[in-house]
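Engineer: Dropping a structure here in structure tokens format, bear with me for questions.
The values are calculated or read from the model by the stated rules, or taken from the named source; none is laboratory data. Here the structure is a predicted model, which is why all the values come from computation and not from measurement. With ideal geometry, Cβ positions are generated from the backbone for all residues, glycine too; neighbour counts draw on all protein chains shown.
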Amino acid sequence: MDEKRQKLSKVLLETGAVKFGDFLLTSGKKSSYYVDIKDAATDPSTLGLIAELFTGMLEEKKIAGVELGAVPLLVATALKAGIPYVIIRKERKHGTGKLTIGEYGDEGIDIIEDVVTTGNSILKAVNYLRENGASVSRAFCVVDRQEGGAELLRENGVDLRPILSISELMSR
């Protein structure tokens, strides 16, 4: 593991971003631990480090992610990389009724997420973008919980590239 990834791993563990107890995840699964990137990303240096790591991984000139967890990561990464971003809402809102904030066409888009468990949130975003003309073949996350998300995405033509896997994070 390179120096910056080691630093992020250390920060996440030392700041309590990895919590232990009984948790119900967004996926509906129960877990004895929770990885709270949303809370960790409220620290400017941690958010900056995540953005720096993502920027070095990106291949497309536009990024997208699902509200809420991905939003600060998208903004920080877009600023660092100097590229535009698209926020994908979980449900249509009043007003325009659009599911996206930000413009995109038939270009390639990389997806960013905080934590991946089953991969369903990313897959839903990928399918929406593809149905509306975009090309998506890569997704990036801060932590892959290694619970089937990478496999589901691979089966749907998306390569998941985490900054850290849960096994790397927990082995410290």
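Engineer: Looking at (1) surrounded by fewer than 17 Cβ atoms within 10 Å (Cβ to Cβ); (2) in contact with a Gly (Cβ under 6 Å, 6 or more places away or on another chain), which one does residue 146 not meet, given that it meets all the others?
Structural biologist: Going through (1) surrounded by fewer than 17 Cβ atoms within 10 Å (Cβ to Cβ); (2) in contact with a Gly (Cβ under 6 Å, 6 or more places away or on another chain) one by one, residue 146 breaks only (2).
Engineer: Something else about it: If I ask for residues that are assigned to a helix (DSSP H, G or I) and in contact with a Lys or Arg (Cβ under 8 Å, 6 or more places away or on another chain), which ones from the stretch 20-53 would you list?
Structural biologist: 48, 49, 51, 52, 53 - these are the residues of the stretch 20-53 that are assigned to a helix (DSSP H, G or I) and in contact with a Lys or Arg (Cβ under 8 Å, 6 or more places away or on another chain).
Engineer: Would you pick out the residues in the stretch 38-60 that are in contact with a Leu (Cβ under 9 Å, 6 or more places away or on another chain), over 23 Å from residue 137 (Cβ atoms) and of a type in the set (Val, Ile, Thr)?
Structural biologist: Matches in the stretch 38-60: 46 only.
Engineer: Can you pull out the residues in the stretch 63-84 that are out of contact with any strand residue (DSSP E or B) (no Cβ under 7 Å at 6 or more places or on another chain), touching a residue at least 24 places away in the same chain (Cβ under 8 Å) and closer than 15 Å to residue 100 by Cα?
Structural biologist: Hit for the stretch 63-84 is 68, nothing else.
Engineer: In the stretch 108-124, is there at least one residue being modelled with pLDDT of 95 or more, closer than 14 Å to residue 63 by Cα, touching a Ser or Thr at 6+ places or on another chain (Cβ under 8 Å) and surrounded by fewer than 22 Cβ atoms within 10 Å (Cβ to Cβ)?
Structural biologist: Yes, the stretch 108-124 contains at least one residue that is modelled with pLDDT of 95 or more, closer than 14 Å to residue 63 by Cα, touching a Ser or Thr at 6+ places or on another chain (Cβ under 8 Å) and surrounded by fewer than 22 Cβ atoms within 10 Å (Cβ to Cβ).
Engineer: Only one of these is under 30 Å from residue 33 (Cα atoms), of a type in the set (A, V, I, L, M, F, W, C) and touching a helix residue (DSSP H, G or I) at 6+ places or on another chain (Cβ under 8 Å): 99, 73. Name it.
Structural biologist: Answer to the check: 73.
Engineer: Ok, one more. Identify the residue in the stretch 1-57 that is of a type in the set (Asp, Glu) and over 15 Å from the mean Cα position of the chain (by Cα) and, among all such residues, is surrounded by the most Cβ atoms within 10 Å (Cβ to Cβ).
Structural biologist: 43
Engineer: Here is a follow-up. Please count how many residues of the stretch 69-106 are surrounded by fewer than 14 Cβ atoms within 10 Å (Cβ to Cβ) and at pLDDT 95 or above.
Structural biologist: 2
Engineer: Looking at the stretch 120-147, I want the residues that are touching a residue at least 12 places away in the same chain (Cβ under 8 Å) and at negative phi and have a partner that is in a helix (DSSP H, G or I) and not aliphatic (A, V, I, L, M) with Cβ atoms under 7 Å, at least 6 apart or on another chain. Which pairs are those?
Structural biologist: 136/130; 140/54
Engineer: Quick one: residue 89 ticks every box in (1) over 22 Å from residue 48 (Cβ atoms); (2) in contact (Cβ under 8 Å) with a residue 24 or more places away in the chain bar one, so which box is it?
Structural biologist: Single failed check for residue 89: (2).
Engineer: Sticking with this one: Step by step: first the residues of the stretch 58-68, then only those that are of a type in the set (Asp, Glu) and more than 20 Å from residue 5 (Cβ to Cβ), then the one that is surrounded by the fewest Cβ atoms within 10 Å (Cβ to Cβ). Which residue is that?
Structural biologist: Among them, the one singled out is 67.
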